[in-house]
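What follows is a set of notes on a single structure, which appears directly below.
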(Lines give C-alpha, C1' and ligand atoms only; values in the text may rest on other atoms or scores of the structure.)
Protein backbone atom coordinates (compact mmCIF):
# COMPACT_ATOMS: atom_id res chain seq x y z
CA UNK A 1 0.00 0.00 0.00
CA UNK A 2 1.49 3.31 -1.10
CA UNK A 3 1.85 6.45 1.00
CA UNK A 4 1.38 9.76 -0.81
CA UNK A 5 3.01 12.80 0.84
CA UNK A 6 2.17 16.37 -0.15
CA UNK A 7 5.51 18.18 -0.32
CA UNK A 8 5.09 20.87 -2.97
CA UNK A 9 4.05 24.04 -1.15
CA UNK A 10 6.07 27.21 -0.66
CA UNK A 11 6.17 27.08 3.15
CA UNK A 12 5.94 30.86 3.45
CA UNK A 13 5.29 30.82 7.21
CA UNK A 14 8.70 29.29 7.80
CA UNK A 15 10.49 31.40 5.21
CA UNK A 16 13.68 31.55 7.29
CA UNK A 17 14.28 27.96 6.16
CA UNK A 18 12.05 27.52 3.11
CA UNK A 19 13.90 30.19 1.15
CA UNK A 20 16.56 27.52 0.65
CA UNK A 21 14.53 24.30 0.59
CA UNK A 22 10.95 22.94 0.57
CA UNK A 23 9.37 22.90 4.03
CA UNK A 24 9.34 19.06 4.20
CA UNK A 25 13.13 19.21 3.91
CA UNK A 26 13.55 21.42 6.99
CA UNK A 27 15.49 19.31 9.46
CA UNK A 28 14.74 17.98 12.92
CA UNK A 29 17.73 16.26 14.50
CA UNK A 30 19.73 16.41 11.29
CA UNK A 31 17.05 14.72 9.17
CA UNK A 32 14.23 16.35 7.14
CA UNK A 33 10.78 16.22 8.73
CA UNK A 34 9.84 14.27 5.59
CA UNK A 35 12.19 11.50 6.76
CA UNK A 36 10.53 11.45 10.20
CA UNK A 37 7.11 11.05 8.59
CA UNK A 38 8.34 8.26 6.33
CA UNK A 39 9.96 6.47 9.27
CA UNK A 40 6.57 6.34 11.00
CA UNK A 41 4.89 4.69 8.02
CA UNK A 42 7.83 2.36 7.57
CA UNK A 43 7.57 1.27 11.21
CA UNK A 44 4.16 -0.17 10.32
CA UNK A 45 5.55 -1.93 7.25
CA UNK A 46 4.46 0.62 4.63
CA UNK A 47 7.57 1.29 2.54
CA UNK A 48 6.29 2.56 -0.82
CA UNK A 49 6.18 6.34 -1.05
CA UNK A 50 5.01 8.85 -3.64
CA UNK A 51 6.26 12.38 -2.94
CA UNK A 52 4.19 15.14 -4.55
CA UNK A 53 6.90 17.75 -5.02
CA UNK A 54 6.74 21.26 -6.46
CA UNK A 55 8.63 24.19 -4.97
CA UNK A 56 12.39 23.47 -5.15
CA UNK A 57 11.56 19.87 -6.03
CA UNK A 58 15.18 19.25 -7.09
CA UNK A 59 16.26 19.45 -3.43
CA UNK A 60 14.07 16.46 -2.56
CA UNK A 61 15.31 14.46 -5.56
CA UNK A 62 18.96 15.21 -4.80
CA UNK A 63 18.55 14.22 -1.14
CA UNK A 64 17.12 10.82 -2.03
CA UNK A 65 19.68 10.34 -4.81
CA UNK A 66 22.45 10.64 -2.21
CA UNK A 67 20.65 9.00 0.71
CA UNK A 68 22.28 5.58 0.34
CA UNK A 69 25.78 7.06 0.18
CA UNK A 70 25.25 9.42 3.10
CA UNK A 71 23.90 6.63 5.31
CA UNK A 72 26.46 3.94 4.56
CA UNK A 73 30.02 3.19 5.67
CA UNK A 74 32.20 3.20 2.56
CA UNK A 75 35.85 2.66 1.60
CA UNK A 76 37.39 4.63 -1.24
CA UNK A 77 40.47 3.06 -2.83
CA UNK A 78 42.57 5.13 -5.21
CA UNK A 79 45.73 3.02 -5.00
CA UNK A 80 45.05 1.26 -8.29
CA UNK A 81 44.83 4.54 -10.15
CA UNK A 82 41.16 3.97 -10.95
CA UNK A 83 39.28 4.72 -7.77
CA UNK A 84 36.80 2.23 -6.39
CA UNK A 85 34.14 2.49 -3.71
CA UNK A 86 33.19 -0.45 -1.49
CA UNK A 87 30.13 -0.35 0.75
CA UNK A 88 31.12 -1.78 4.14
CA UNK A 89 27.85 -1.32 5.96
CA UNK A 90 24.66 0.35 4.84
CA UNK A 91 22.10 2.06 7.06
CA UNK A 92 19.54 2.93 4.40
CA UNK A 93 15.84 2.15 4.58
CA UNK A 94 13.84 -0.53 2.71
CA UNK A 95 12.01 2.19 0.82
CA UNK A 96 10.78 2.60 -2.72
CA UNK A 97 10.43 6.33 -3.31
CA UNK A 98 8.85 8.03 -6.32
CA UNK A 99 9.33 11.79 -6.43
CA UNK A 100 6.94 13.54 -8.82
CA UNK A 101 7.16 17.18 -9.89
CA UNK A 102 3.47 18.07 -9.54
CA UNK A 103 3.97 21.70 -10.54
CA UNK A 104 5.01 24.90 -8.86
CA UNK A 105 1.58 26.48 -8.37
CA UNK A 106 -0.63 23.38 -8.29
CA UNK A 107 -3.07 23.24 -5.39
CA UNK A 108 -3.15 20.33 -2.93
CA UNK A 109 -6.01 18.48 -4.62
CA UNK A 110 -4.45 19.03 -8.02
CA UNK A 111 -1.19 17.48 -6.82
CA UNK A 112 -3.04 14.33 -5.85
CA UNK A 113 -4.75 14.29 -9.25
CA UNK A 114 -1.37 14.33 -10.95
CA UNK A 115 -0.25 11.05 -9.37
CA UNK A 116 -3.38 9.09 -10.29
CA UNK A 117 -1.55 6.86 -12.77
CA UNK A 118 1.15 6.05 -10.22
CA UNK A 119 -1.29 5.12 -7.45
CA UNK A 120 -3.71 3.30 -9.73
CA UNK A 121 -6.97 1.80 -8.46
CA UNK A 122 -5.67 0.77 -5.04
CA UNK A 123 -6.34 2.54 -1.73
CA UNK A 124 -3.47 4.67 -0.44
CA UNK A 125 -2.32 6.63 2.56
CA UNK A 126 -2.18 10.40 2.17
CA UNK A 127 -0.58 12.96 4.45
CA UNK A 128 1.04 16.37 4.63
CA UNK A 129 4.81 16.79 4.61
CA UNK A 130 5.02 19.06 7.64
CA UNK A 131 3.50 17.24 10.62
CA UNK A 132 4.50 14.36 12.89
CA UNK A 133 2.30 12.14 15.04
CA UNK A 134 2.09 8.81 16.86
CA UNK A 135 -1.21 7.87 15.24
CA UNK A 136 -1.71 4.09 15.05
CA UNK A 137 -1.79 3.52 11.29
CA UNK A 138 -2.75 -0.15 11.52
CA UNK A 139 -5.81 0.62 13.64
CA UNK A 140 -6.77 3.47 11.36
CA UNK A 141 -6.53 1.15 8.36
CA UNK A 142 -8.80 -1.37 10.11
CA UNK A 143 -11.28 1.43 10.82
CA UNK A 144 -11.16 2.55 7.18
CA UNK A 145 -11.73 -0.94 5.82
CA UNK A 146 -14.63 -1.48 8.19
CA UNK A 147 -16.67 1.59 7.22
CA UNK A 148 -16.07 1.12 3.46
CA UNK A 149 -16.30 4.81 2.57
CA UNK A 150 -14.05 6.81 0.28
CA UNK A 151 -11.80 8.72 2.66
CA UNK A 152 -10.72 8.60 6.29
CA UNK A 153 -9.02 11.59 7.87
CA UNK A 154 -7.31 11.67 11.24
CA UNK A 155 -9.22 14.02 13.55
CA UNK A 156 -7.34 15.62 16.44
CA UNK A 157 -8.24 18.02 19.20
CA UNK A 158 -5.98 21.03 18.60
CA UNK A 159 -6.18 24.83 18.60
CA UNK A 160 -8.44 27.13 16.62
CA UNK A 161 -6.09 27.80 13.71
CA UNK A 162 -7.42 25.25 11.26
CA UNK A 163 -10.57 24.14 9.44
CA UNK A 164 -13.28 22.41 11.44
CA UNK A 165 -14.79 18.92 11.14
CA UNK A 166 -18.43 18.34 12.08
CA UNK A 167 -18.51 14.66 13.11
CA UNK A 168 -21.55 12.58 14.09
CA UNK A 169 -21.55 9.78 16.67
CA UNK A 170 -20.61 7.11 14.12
CA UNK A 171 -17.55 9.02 12.98
CA UNK A 172 -19.05 10.23 9.73
CA UNK A 173 -18.03 13.75 8.77
CA UNK A 174 -21.08 15.83 7.97
CA UNK A 175 -19.24 19.04 7.09
CA UNK A 176 -15.68 20.06 6.28
CA UNK A 177 -15.40 23.82 6.61
CA UNK A 178 -13.59 26.87 7.87
CA UNK A 179 -13.83 27.54 11.61
CA UNK A 180 -16.27 30.01 13.12
CA UNK A 181 -16.10 31.84 16.42
CA UNK A 182 -18.24 29.35 18.31
CA UNK A 183 -16.60 26.16 17.03
CA UNK A 184 -14.90 23.39 18.91
CA UNK A 185 -11.48 22.31 17.81
CA UNK A 186 -11.48 18.85 16.18
CA UNK A 187 -9.35 19.25 13.05
CA UNK A 188 -8.01 17.20 10.17
CA UNK A 189 -4.28 16.64 10.77
CA UNK A 190 -3.61 14.50 7.71
CA UNK A 191 -2.67 10.82 8.03
CA UNK A 192 -5.55 10.03 5.70
CA UNK A 193 -6.56 6.88 3.86
CA UNK A 194 -8.16 7.23 0.43
CA UNK A 195 -9.90 4.98 -2.02
CA UNK A 196 -9.26 5.65 -5.70
CA UNK A 197 -12.71 7.25 -5.86
CA UNK A 198 -11.09 10.43 -4.53
CA UNK A 199 -9.81 11.13 -8.04
CA UNK A 200 -13.41 11.61 -9.20
CA UNK A 201 -13.61 14.65 -6.91
CA UNK A 202 -10.52 16.39 -8.30
CA UNK A 203 -11.18 18.62 -11.30
CA UNK A 204 -7.79 20.07 -12.20
CA UNK A 205 -4.68 21.76 -10.79
CA UNK A 206 -6.78 24.42 -9.07
CA UNK A 207 -8.57 21.91 -6.84
CA UNK A 208 -7.85 22.46 -3.15
CA UNK A 209 -7.96 19.24 -1.13
CA UNK A 210 -9.35 20.84 2.02
CA UNK A 211 -11.88 23.28 0.53
CA UNK A 212 -12.98 21.48 -2.63
CA UNK A 213 -12.24 17.77 -2.69
CA UNK A 214 -12.94 16.79 0.92
CA UNK A 215 -15.97 19.05 1.17
CA UNK A 216 -17.56 17.41 -1.87
CA UNK A 217 -16.78 13.97 -0.47
CA UNK A 218 -18.39 15.01 2.82
CA UNK A 219 -21.44 16.25 0.92
CA UNK A 220 -21.77 12.75 -0.53
CA UNK A 221 -21.42 11.29 2.98
CA UNK A 222 -18.25 9.44 2.08
CA UNK A 223 -15.85 11.08 4.55
CA UNK A 224 -15.05 9.52 7.93
CA UNK A 225 -12.94 10.59 10.91
CA UNK A 226 -10.50 8.43 12.82
CA UNK A 227 -10.16 10.16 16.18
CA UNK A 228 -6.60 10.39 17.49
CA UNK A 229 -5.96 11.28 21.11
CA UNK A 230 -2.19 10.91 21.18
CA UNK A 231 0.47 13.27 19.86
CA UNK A 232 0.43 15.47 16.77
CA UNK A 233 2.36 18.59 15.89
CA UNK A 234 2.80 20.49 12.65
CA UNK A 235 5.86 22.59 11.79
CA UNK A 236 4.46 25.82 10.40
CA UNK A 237 7.04 28.22 11.81
CA UNK A 238 10.45 28.48 13.44
CA UNK A 239 8.98 28.30 16.94
CA UNK A 240 7.38 24.95 16.16
CA UNK A 241 10.56 23.69 14.51
CA UNK A 242 12.55 24.58 17.62
CA UNK A 243 9.97 22.85 19.82
CA UNK A 244 10.20 19.64 17.77
CA UNK A 245 13.99 19.89 17.73
CA UNK A 246 14.02 20.14 21.52
CA UNK A 247 11.79 17.07 21.85
CA UNK A 248 14.05 15.10 19.52
CA UNK A 249 17.32 16.10 21.19
CA UNK A 250 15.89 15.25 24.64
CA UNK A 251 15.18 11.70 23.51
CA UNK A 252 11.49 12.20 24.23
CA UNK A 253 10.03 12.66 20.74
CA UNK A 254 6.51 11.15 20.95
CA UNK A 255 6.39 10.47 17.20
CA UNK A 256 9.51 8.27 17.30
CA UNK A 257 7.79 4.90 17.34
CA UNK A 258 10.58 3.08 15.49
CA UNK A 259 13.74 1.47 16.86
CA UNK A 260 17.20 2.71 15.88
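The values are calculated or read from the model by the stated rules, or taken from the named source; none is laboratory data. Everything quoted here is computed from the prediction, not taken from an experiment. Note: ideal-geometry Cβ built from the backbone for every residue, glycine included; neighbour counts use all protein chains shown.
Annotations
- Within the span defined as region 201-214, every residue fails to be loosely packed, with under 13 Cβ neighbours inside 10 Å, within 23 Å of residue 139 (Cβ to Cβ) and touching a residue at least 60 places away in the same chain (Cβ under 8 Å).
- Unmet criterion (only one of (1) touching a strand residue (DSSP E or B) at 6+ places or on another chain (Cβ under 7 Å); (2) at pLDDT 95 or above; (3) part of a loop (DSSP other than H, G, I, E, B)) for residue 244: (3)
- Test: residue in region 248-256 that is at pLDDT 95 or above, surrounded by 13 or more Cβ atoms within 10 Å (Cβ to Cβ), in contact with a strand residue (DSSP E or B) (Cβ under 8 Å, 6 or more places away or on another chain) and in a helix (DSSP H, G or I): yes
- Exactly one residue out of 55, 41 is closer than 25 Å to residue 257 by Cβ and in contact (Cβ under 8 Å) with a residue 40 or more places away in the chain: that is 41.
- Looking across region 1-23, the residues that are crowded, with 19+ Cβ neighbours inside 10 Å and at pLDDT below 95 come down to 8, 9, 11, 14, 18, 22, 23.
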